[in-house]
Amino acid sequence: MTNIALGRYIPTNSIIHKLDPRMKIMNMLFLMVAVFLPARFYGYGILSVVAVSLILVSKLKFGFILKSLKPVLLMLIFLLVINIFVLRTGYVVVDIFGLLVYSDALFQTAYIVIRLLLMIMITTLLTATTKPLDLTLGIEDLLAPFKRFKVPAHEIAMMISIALRFIPTLIEESQRIMKAQASRGVDLTEGKINEKIVAILSLIVPLFVSSFQRAEELADAMEARGYSPTAVRTRYKQLEVTLKDWVSLFLVLCVLIAVGTLAWFV
Amino acid sequence: MIIQVEKLSYEYSPNSVFAYHALKDVTTSVREGSFTAIVGATGSGKSTLVQHFNALITPTGGSLTVDGKLIVANQKVKELKPLRKKVGLVFQFPEYQLFEETILKDVMFGPLNFGVTVDDARAIAQESLIRVGLDSTFYERSPLELSGGQKRRVAIAGILALSPKILVLDEPTAGLDPEGSASMMSLFQNLNASGTTIIMITHDLNHVLNYATDVIMLDQGVVVFEGSKETFFNETDLHEDYGLVKPPLLELRSLLKEAKISFNAHTLDINILAQSIKEGKHD
């Protein structure tokens, strides 16, 4: 349970770690846009090189990135099967006992797979190199201009930081409950389907109860200290955009333009 | 010896940056029928040690034998499942394990998991609830609407319903008021009197003094004391060395000594102590 890779901060202290979170979020968004431009394999080639070199620069281990990709594997297989049956354009690649597999089915699946992989690599880069708190500060600042349109920027940021703060607590809590129920003979790994359902219920119900309790206690504690979401607040941590942040934005925009141009011509 | 621990080591998240050695070469034992208190500071490995007793975790080094069943490193959990019935483990703040719609159903949950029939489970559950002091008016109520102390009782009844031979308790009185705490402790004392071996983690030396027969003290994953309660209190100052709060009785004894009043210096029973002061008896 504790080795969940997705969205975990890894303190390797690289140059990417030191970038301003706001700029990093912007950069990630631009790279995401680039991923969705229909630039075929050329564009994806460029983006893959960019993503891999960014991972190298950030000193993250490839094993860690691969771990985050694992949950997607099942979806990829599912997509391939659907595409084989649905897409019937292009030329026939193979004939499996009368089931014709068309080239477009394979290409489409490959595109989606590559896009998903790139997206996960890029988002993992962001979450692995940015402390959760910095990330929420960045989100709050980036949403600030939308306050004019009644977007509750501060509230959203507060909700995200509370949610992030409680992930480890909930993991710990669920392990505690699992152990307590195991002591009462619950076996999550074996048993018939209805036994398994009861086993999962015995985990989920207490988890819900304690989460609601925690939420109430936290709300009370915040109120007791005079928290008000509408109050104007100052910040201990001041974010500062420096030259290296602008350089990173410039480089990302270059990539975006390159991929965009390719998409135009291909 | 109902539990024999041999050079047991346990490491959390081995081979990673978070690796942490919670227990180091622990060798100790628990007598059958004893009321053994496990004491030690936070992080000394008490909870990790007792989780080995019903095979929730298996050692990363060494071994232990629980009621004749040998547990070694990397053992299959499946073959250890019968131990979960023999060794009932009540965690700290066990009320979070309640999840059924009614109290009776929740207490029946354990026995049903171990293959007891519904009728038998109901009978066992009712008996366990009476033992913890909850009568039939509680059977059909939701466990979530009870007070904290009552929830704790239901949770403990849920473990008692497994009729364990060994009952392991992790700070069973934490967060209870003195009255609730005292009645909880007398429940365990009665169970112990009827033959159940009790192992209790506690920070309250007063409970150790009043209820335990044996003491195991841990510090940073190492056993620093193992023996009878009398030896622990009369012949060592370990509780002081490790920053535990001195029980009132020991406090009283040192005050009596200072005041040069003669009394029975070896008793841990308040009544005998009082009697000896009255008689002005030396020993």
For A:Leu251, indicate whether it is within 30 Å of A:Lys147 (Cα to Cα) and either within 24 Å of the chain's Cα centre (by Cα) or within 14 Å of another protein chain (Cβ to nearest Cβ) (or both). yes
Considering only the range B:68-121, state which residues are of a type in the set (Val, Ile, Thr), crowded, with 19+ Cβ neighbours inside 10 Å and within 11 Å of chain A (Cβ to nearest Cβ). B:Val87, B:Val90, B:Val107, B:Val116
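Against the definition (buried (at least 20 other Cβ atoms within 10 Å of the Cβ) and within 19 Å of the chain's Cα centre (by Cα)), how does B:Ile124 come out, yes or no? Before you say what the answer is, go through the steps one by one.
Values: buried (at least 20 other Cβ atoms within 10 Å of the Cβ): yes; within 19 Å of the chain's Cα centre (by Cα): no.
No, not satisfied.
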Which of the residues that make up the range B:143-170 are surrounded by fewer than 20 Cβ atoms within 10 Å (Cβ to Cβ) and within 15 Å of B:Met200 (Cα to Cα)? B:Lys165
Any idea which of A:Ile10, A:Ile15, A:Ile25 is among the hydrophobic types (A, V, I, L, M, F, W, C), exposed (fewer than 13 other Cβ atoms within 10 Å of the Cβ) and touching a residue at least 24 places away in the same chain (Cβ under 8 Å)? A:Ile15
Any idea how many residues of the range B:24-52 are over 12 Å from B:Met1 (Cβ atoms) and either at pLDDT 95 or above or among the aliphatic types (A, V, I, L, M) (or both)? 8
Check B:Leu129 against each of (1) away from chain A (no Cβ under 14 Å); (2) more than 22 Å from A:Arg176 (Cβ to Cβ); (3) surrounded by fewer than 23 Cβ atoms within 10 Å (Cβ to Cβ) and name the one condition it does not meet. (3)
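Kindly indicate whether A:Asp187 is among the acidic types (Asp, Glu), closer than 30 Å to A:Leu19 by Cβ, in contact with a helix residue (DSSP H, G or I) (Cβ under 9 Å, 6 or more places away or on another chain) and surrounded by 10 or more Cβ atoms within 10 Å (Cβ to Cβ). I'd like the intermediate steps shown before the answer.
Values: among the acidic types (Asp, Glu): yes; closer than 30 Å to A:Leu19 by Cβ: no; in contact with a helix residue (DSSP H, G or I) (Cβ under 9 Å, 6 or more places away or on another chain): yes; surrounded by 10 or more Cβ atoms within 10 Å (Cβ to Cβ): yes.
No.
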May I ask you to list the residues in the range A:75-89 that are without any contact (Cβ under 8 Å) to a residue 24 or more places away in the chain and exposed (fewer than 14 other Cβ atoms within 10 Å of the Cβ)? A:Ile77, A:Phe78, A:Val81, A:Ile82, A:Phe85, A:Val86, A:Arg88, A:Thr89
Candidate set: the range B:9-58, residues that are small (Gly, Ala, Ser) and within 14 Å of another protein chain (Cβ to nearest Cβ); chosen: the one farthest from the chain's Cα centre (by Cα): B:Ser16
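Here is a list: A:Glu190, A:Glu217, A:Glu195, A:Glu223. Which entry is outside any helix (DSSP H, G or I) and of a type in the set (Asp, Glu)?
Working: A:Glu217 fails: outside any helix (DSSP H, G or I); A:Glu195 fails: outside any helix (DSSP H, G or I); A:Glu223 fails: outside any helix (DSSP H, G or I).
Testing whether each residue is outside any helix (DSSP H, G or I) and of a type in the set (Asp, Glu) leaves just A:Glu190.
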Considering the range B:235-248 alone, what residues qualify as being in a helix (DSSP H, G or I) and within 22 Å of the chain's Cα centre (by Cα)? B:Leu238, B:His239, B:Glu240, B:Pro248
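So, in the range B:106-130, exactly how many residues are in contact with a helix residue (DSSP H, G or I) (Cβ under 8 Å, 6 or more places away or on another chain) and in a helix (DSSP H, G or I)?
To start, the set of residues in the range B:106-130 that are in contact with a helix residue (DSSP H, G or I) (Cβ under 8 Å, 6 or more places away or on another chain) comprises B:106-112, B:114, B:116, B:118, B:120-122, B:124-126, B:128-129.
Still in the running and in a helix (DSSP H, G or I): B:106-112, B:118, B:120-122, B:124-126, B:128-129.
Within the range B:106-130, residues that are in contact with a helix residue (DSSP H, G or I) (Cβ under 8 Å, 6 or more places away or on another chain) and in a helix (DSSP H, G or I) number 16.
Conditions tested, residue by residue: (1) without any contact (Cβ under 8 Å) to a residue 24 or more places away in the chain; (2) within 14 Å of chain B (Cβ to nearest Cβ); (3) touching a Cys at 6+ places or on another chain (Cβ under 8 Å).
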site: A:Ile120; (1), (2), (3): no, no, no
site: A:Thr124; (1), (2), (3): no, no, no
site: A:Thr127; (1), (2), (3): no, no, no
site: A:Leu135; (1), (2), (3): no, no, no
site: A:Asp141; (1), (2), (3): no, no, no
site: A:Ser161; (1), (2), (3): no, no, no
site: A:Ser174; (1), (2), (3): no, yes, no
site: A:Arg184; (1), (2), (3): yes, yes, no
site: A:Lys192; (1), (2), (3): yes, yes, no
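The values are calculated or read from the model by the stated rules, or taken from the named source; none is laboratory data. Worth saying up front: this structure is predicted, and the values here are computed from it rather than measured. Here Cβ is always computed from backbone atoms with ideal geometry, including for glycine, and neighbour counts include all displayed protein chains.
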